[in-house]
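Let me begin by presenting the structure, written as structure tokens, before commenting on it.
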Amino acid sequence: METVIFLVVGFVLLWKGGDLLVDGADALARSHGVPPTIAGVFILGFGTSMPELAVTVLAALEGEAAIAVGNVVGSNIANVGLVLGTACFLGVVHVNRFLLKVEIPVGIVASILALGIFLDGRVDMTDGLILLAAFGIYAGFAMGTIRHRDVDRGERPPKRPWFDVGKAVVALAAVVGGAELFKTGAIQTANSFGVPKVVIGSTLVALATSLPELATAIAAVRARKADLVLGNVIGSNIFNLLLVLGTAGVMVDQAVDDQVPMVLGPLMVVLAILPFIFAFVFKRALGRPVGFMLLACYVGFLAYSVVVAT
């Protein structure tokens, strides 16, 4: 019963905390005229990656490397397969030229870099520093392109920086608390059923920490803010691999389960490349066919995970 309570309460805190964090950050960005692509990548991408950061760091500190690494890789798979797939299935997601030229290629390179790091079976301090340095280089370059990106010409909300920042801080506390509860419940579940922890990390925990991205993507599709949809997904993946995994590696050496470099990592790289290919094939308009293919990839991944678990 205690495990169920941990999972349910942690799930709710992660979901609502992520929502509030995104709301506060997005309002803060729009009121100051930040371009949608930058808002999607840095504001929404970072905001919706907070559950991954909280879960991964807490798991790393407690020696649960399979949960930590599995969560990062599984979240990236879920972001493209489930989140972007759902968004494309519900409506047309148009690929902004800056996302096509900058963020999507960076996401591909980050995925390949992470896979290369996984090959020796561990993520240590040196690997973490490399990932964090790569994030710093990307962030600096992306910020340098702000003045060249399209700005949302719609009506700006009133500037309420202290209110929005305060809401984001409260939301962050909810996310961290929810992450700890959900991680505890997930580990207890893994132990009680004998399920490999890498499977729990890459499916159950990864799905839970990707729910803020899913909720944001659905809301953005309904509001016809395509830049936010793809920017959120790609930005979150970049943050997960470079910032989240880099931070975990610097804090504690992480042993990597064999399933990660053999299966999960290559799948993550393939899913990072697919939006780039689809953008050219479908002339930068990702619609229902793309959504169907991405969702099919994610369902296949879940089916494989069930087989591994049993």
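Please count how many residues of the range 220-248 are in a helix (DSSP H, G or I), modelled with pLDDT under 85 and more than 14 Å from residue 84 (Cβ to Cβ).
Count: 1.
Is it the case, given these coordinates, that residue 46 is touching a Phe, Trp or Tyr at 6+ places or on another chain (Cβ under 7 Å), assigned to a helix (DSSP H, G or I), surrounded by fewer than 24 Cβ atoms within 10 Å (Cβ to Cβ) and modelled with pLDDT of 85 or more?
Numbers: touching a Phe, Trp or Tyr at 6+ places or on another chain (Cβ under 7 Å): yes; assigned to a helix (DSSP H, G or I): yes; surrounded by fewer than 24 Cβ atoms within 10 Å (Cβ to Cβ): yes; modelled with pLDDT of 85 or more: no.
Taking the combined requirement at face value, the residue does not satisfy it.
Can you tell me how many residues within the range 237-292 are in contact with a Cys (Cβ under 6 Å, 6 or more places away or on another chain) and hydrophobic (A, V, I, L, M, F, W, C)?
Matching residues across the range 237-292 total 2.
Could you please find all residues in the range 116-136 being part of a helix (DSSP H, G or I) and in contact with a Pro (Cβ under 7 Å, 6 or more places away or on another chain)?
Within the range 116-136, just 118 meets the criteria.
(1) in a helix (DSSP H, G or I); (2) crowded, with 17+ Cβ neighbours inside 10 Å: which one isn't true of residue 257, the others all being true?
Of (1) in a helix (DSSP H, G or I); (2) crowded, with 17+ Cβ neighbours inside 10 Å, only one is false for residue 257: (1).
Based on this model, can you work out whether residue 164 counts as part of a helix (DSSP H, G or I), of a type in the set (Asp, Glu), modelled with pLDDT under 75 and more than 18 Å from residue 52 (Cβ to Cβ)?
For residue 164, the condition - part of a helix (DSSP H, G or I), of a type in the set (Asp, Glu), modelled with pLDDT under 75 and more than 18 Å from residue 52 (Cβ to Cβ) - is met.
The values are calculated or read from the model by the stated rules, or taken from the named source; none is laboratory data. It should be emphasised that the depicted structure is a prediction, and the values quoted were computed from it without experimental measurement. Every residue, glycine as well, gets a Cβ built from its backbone with ideal geometry; the counts of neighbours run over all protein chains shown.
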